[in-house]
1. Can you tell me which condition VAL139 does not meet? The list is (1) of a type in the set (A, V, I, L, M); (2) in a loop (DSSP other than H, G, I, E, B); (3) within 19 Å of THR105 (Cβ to Cβ), and all the others hold.
2. Filter the stretch 117-136 down to the residues that are in a helix (DSSP H, G or I) and either of a type in the set (Ser, Thr, Tyr) or open to solvent by 20 Å² or more (accessible area, probe 1.4 Å) (or both) and list them by number.
3. Tell me whether the stretch 182-189 contains one or more residues that are surrounded by 22 or more Cβ atoms within 10 Å (Cβ to Cβ), on the phi < 0 side of the Ramachandran plot and in a loop (DSSP other than H, G, I, E, B).
4. Taking only the stretch 85-110 into account, find how many residues are open to solvent by 20 Å² or more (accessible area, probe 1.4 Å) and either part of a loop (DSSP other than H, G, I, E, B) or in contact with a Pro (Cβ under 9 Å, 6 or more places away or on another chain) (or both).
5. Quick check: is even one residue across the stretch 56-75 in contact (Cβ under 8 Å) with a residue 40 or more places away in the chain, of a type outside the set (Gly, Ala, Ser) and not in a strand (DSSP E or B)?
6. Can you pull out every residue in the stretch 217-242 that is open to solvent by less than 20 Å² (accessible area, probe 1.4 Å) and not in a loop (DSSP other than H, G, I, E, B)?
7. Can you find, within the stretch 243-292, the residue that is nearest to PHE29 (Cα to Cα) among those that are among the polar types (S, T, N, Q) and surrounded by 24 or more Cβ atoms within 10 Å (Cβ to Cβ)?
8. Would you check which residues across the stretch 153-177 are surrounded by fewer than 19 Cβ atoms within 10 Å (Cβ to Cβ) and assigned to a helix (DSSP H, G or I) and list them?
Amino acid sequence: MTWPAEAPLMSPPQRLRAGLLRGCLRLLFRGLVRPPMPVALQRGVLRGLSLATLGAGGVVRERRSLAGVPCEWLRPRGVEARRRVLYLHGGAYLIGSPATHRAITTHLARRCAAEVCAVDYRRAPEHPFPAARDDALAVYLALLEAGHSPRQLLLAGDSAGGHLALSLALELKARGLPLPAGLLLFSPWTDLSCQRLHTPEAGDPLLSRAWLESAVRLLLPADAEPGLAALSPLHADLAGLPPLLVQVGEDELLRDDSLRLAQRAGEQGVAVRLQRYAGCWHVFQAHAGVLASADRALDEAAAFVVECSAEGGQCRTS
């Protein structure tokens, strides 16, 4: 179920790049994206930082709504994409958009020859729970109604987007609707109670407890219990979910959300593969083209997508 954490080790040039990135993120993201900064300004910071990431070339972008929900569609130029990935971006349900996550979505589209549909779901605090899940569900059902086979459709998401992907899969299961071929989760936020946060020795350059707890307060009603299964997929009945690929950095606050998810899913009979990357932080995949670890992780993710969506294929979970 597990995979060796970051082997081989980073080369000296890679360690230098990682160190520079870590310092910049600690200063510009963690230092600014936190209470009491207004959410509107937090969104602006992430938009600015995302301009420094490297999207994949040769990918066509198109804005097109499904079921009234705006989406960004990405597909490799000159390739007939038969498989599809429904991508749900992270940002603690407060910030982020398809535009801020193109360093991940464009690379996924190109590496697995897939059409990626990045959902521009409604965010808190303007639209609290379950608005984002309702949008994701509407898009998923519209894809099925358009004739796209669930056997060639995967759900993917990072951080809060990973939480949303799991929540959507559980909602589909509860309704008896067709499930996707697999779930691809980058550093998923699985327990909104924030009771088991990891304290990495090197520190997390992105996330802070104060920001996560602030996001939960803006997302949920005041009387909600965030640790309940209805709000935290970690505590839900996971049996019957499609295969999972979970990637997480060792130096991130939410590391244990991934570790506990993988353990619980495996105990409940779900095919799951957990990949742990040493020296990496929250959603490090966004640094594709800069960090070899990010490129390796996206190669693994693309292989998972291809295998899950192949005719008669089996997802790798060991």
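The values are calculated or read from the model by the stated rules, or taken from the named source; none is laboratory data. Keep in mind that this is a model prediction, so the values were computed, not measured. Glycine gets a Cβ as well: all are built from the backbone with ideal geometry, and neighbour counts include every protein chain shown. Please note that ligands, DNA and RNA were not included when accessible areas were found on the heavy atoms of the full protein model with its side chains. Shrake-Rupley method; radii C 1.70, N 1.55, O 1.52, S 1.80 Å.
1. That leaves (2) as the condition not met.
2. Here is the first cut: in the stretch 117-136, the ones in a helix (DSSP H, G or I) are 131-136.
Residues satisfying the conditions are ARG133, ASP134.
3. There is at least one residue in the stretch 182-189 that is surrounded by 22 or more Cβ atoms within 10 Å (Cβ to Cβ), on the phi < 0 side of the Ramachandran plot and in a loop (DSSP other than H, G, I, E, B).
4. 2
5. No.
6. LEU219, PRO233, LEU234
7. Residues of the stretch 243-292 among the polar types (S, T, N, Q): 247, 258, 263, 268, 275, 285.
Remaining after also requiring surrounded by 24 or more Cβ atoms within 10 Å (Cβ to Cβ): 247, 258, 285.
Working: GLN247: 21, SER258: 22, GLN285: 16 Å.
Going through the qualifying residues, I end up with GLN285.
8. GLU171, LYS173, ALA174, ARG175
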